[in-house]
Amino acid sequence: MSSGRGRLSEWLEAHPRALVFYAMFAAFWTYFCMYAFRKPFLAAEFENETFLGSTVALKTAFAISQILGYTLSKYAGIKILSEMTHSKRAFTLVVLIASAQLALLLFAAVPGEWKAVAIFANGLPLGMVWGLVVSYLEGRRTSELLLAALSCSFIIASGVVKDVGRWLMADYGVSEAWMPVAVGAMFIVPFVGLVWMLNQIPEPDLDDKTARVERQPMTAAERRAFIKAFLPGLIGLLGVYFFLTAFRDFRDNYGVELFRELGYGEEPAVFSQTELIVAFGVMTAMALLNLIKSNKWGLIGAFGLMLMGVALVGIGTALFDAGSIDGLSWMTITGLGAYLAYVPYNSVLFDRLIAFTRVQGTAVFAIYLADALGYTGSIGIQLYKDIGQSQTSRLGFFTGYSYTLCAVGVVALIFSCVYFIRRGPIHEP
């Protein structure tokens, strides 16, 4: 796909306010559509089926297989995306989604446990979509607003596409195997159109580059220098993200089972109901960060949101255990807390970190470094549940894990925040 830029891009460049709303719309819906190729299979339960006769549930095997592919994609993205030129982004996005849809077709066609191979192939291309979309938005004075809108897409989309999958199975008799590719087929054409829209977004202007540091592709030496310069603080951040991604994924991947154990198994659109509230709360909090012009205080604000998020997970769980709130409220609170902590990692945290420290780099590199380790944690935690705690219900495991995330998160985030603020800028603006 060629760049296709012309009059629309020039018009957007001349109308900054329109550019903000246009970019928010294009980014939100592009990534929303991606979830139609990633998450629908989780609407199925594959009940009472195990993987190769082991204690690992078949659904767990599918979830882990996809995450394995997704994680390998994140590791590859550390190099590929940090070096990718802007002219290749749109074409790459379309190729990645086409590959993912072909893998879903394979998932429908092959028998039994072989579906795990197909869903692994589905995850391989999808892991790089986020970084490509972020690359259109980072390094701008309005990045908080743009990235907040983008982040809300995956909060809402995950629930919506699972509800679409359940609808196809319940009302049209689509099987669990064919449902994912059917959902994906509904979103292919919109995705291509939205990528074209995304590709019309003009590059950051001179004022953006002055305020947020110009973002250039990174060499291997620059990537190593980035890690070396901030290693202690990164260890704290990445440690939290290891546990946080696993928590977010467990809640997302086994939402059907968690809601059923809580007594909401037959309630229609229950995913959309909770995630819309979560998305609104996160969007509001993230948008407020855009009011902070100082990069130092913007970075502190991002850490503040993350601390609030992990604390909210623990507080909400304590209230649920005490019988003070019902299960639906608890799932909403844990979702809000998890995403308040999770979303900054994928958007404003590293954008502000680079702007504050004035280090040469891209937010996409730092995001993919975190994601690669985070999804490794997700795989480990899901395997630990099915192998190490196979007798514990998913609800019971999720409850205990909520307290662990809260405790680890509060301590490590405070440490990392103090480290980065005391470290200060490497180069003066």
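The values are calculated or read from the model by the stated rules, or taken from the named source; none is laboratory data. Computed from a prediction, not measured in an experiment: that's the story for all the values here. Methodologically, a virtual Cβ is constructed for each residue, glycine included, from the backbone with ideal geometry; neighbour enumeration extends over all protein chains shown.
Couple of notes before you dig in:
- Among residues of the stretch 183-205 that are over 14 Å from Y22 (Cα atoms), those with a beta-carbon under 8 Å from a residue that is small (G, A, S) and not in a helix (DSSP H, G or I) at least six positions away or on a different chain give the pairs P204/G139.
- If you go through the stretch 119-138 and pick out every residue that is touching a His at 6+ places or on another chain (Cβ under 9 Å) and surrounded by fewer than 22 Cβ atoms within 10 Å (Cβ to Cβ), you end up with 1.
- Flag for F280 being more than 18 Å from A149 (Cα to Cα) and assigned to a helix (DSSP H, G or I): no
- Subset of the stretch 18-41 that is of a type in the set (A, V, I, L, M) and over 16 Å from the mean Cα position of the chain (by Cα) - its residue that is surrounded by the fewest Cβ atoms within 10 Å (Cβ to Cβ): A18
- Those residues of the stretch 43-59 which are closer than 20 Å to G159 by Cβ and out of contact with any Lys or Arg (no Cβ under 6 Å at 6 or more places or on another chain), in sequence order: A44, E45, K59
- If you go through the stretch 312-352 and keep only what is in a loop (DSSP other than H, G, I, E, B), over 16 Å from A279 (Cα atoms) and of a type outside the set (A, V, I, L, M), you end up with G323, S324, D326.
- Long-range neighbours under 6 Å by Cβ, at least six apart or interchain, first residue in contact (Cβ under 8 Å) with a residue 24 or more places away in the chain and among the polar types (S, T, N, Q) within the stretch 79-97, second surrounded by 14 or more Cβ atoms within 10 Å (Cβ to Cβ) and part of a helix (DSSP H, G or I): S82/F365
- Subset of the stretch 336-382 [over 13 Å from the mean Cα position of the chain (by Cα) and of a type outside the set (A, V, I, L, M, F, W, C)]: G337, D351, R352, T357, R358, Q360, G361, T362, T376, G377, G380, Q382
- Picking from residues in the stretch 318-376 that are aromatic (F, W, Y) and under 22 Å from L307 (Cβ atoms), the one that is surrounded by the most Cβ atoms within 10 Å (Cβ to Cβ) is Y339.
- Test result for S158, assigned to a helix (DSSP H, G or I) and either on the phi > 0 side of the Ramachandran plot or polar (S, T, N, Q) (or both): yes
- Going through (1) part of a helix (DSSP H, G or I); (2) touching a strand residue (DSSP E or B) at 6+ places or on another chain (Cβ under 8 Å) one by one, E113 falls short only on (2).
- Here the stretch 51-92 is the region considered, the condition is being aromatic (F, W, Y) and assigned to a helix (DSSP H, G or I), and the residue that is surrounded by the fewest Cβ atoms within 10 Å (Cβ to Cβ) is F91.
- Scanning the stretch 377-403 for residues that are touching a residue at least 24 places away in the same chain (Cβ under 8 Å), among the hydroxyl-bearing types (S, T, Y) and surrounded by fewer than 15 Cβ atoms within 10 Å (Cβ to Cβ) yields a total of 3.
- The residues of the stretch 246-270 that are within 22 Å of Y375 (Cα to Cα) and at pLDDT below 85, listed by number, are D252, N253, Y254, G255, V256, E257.
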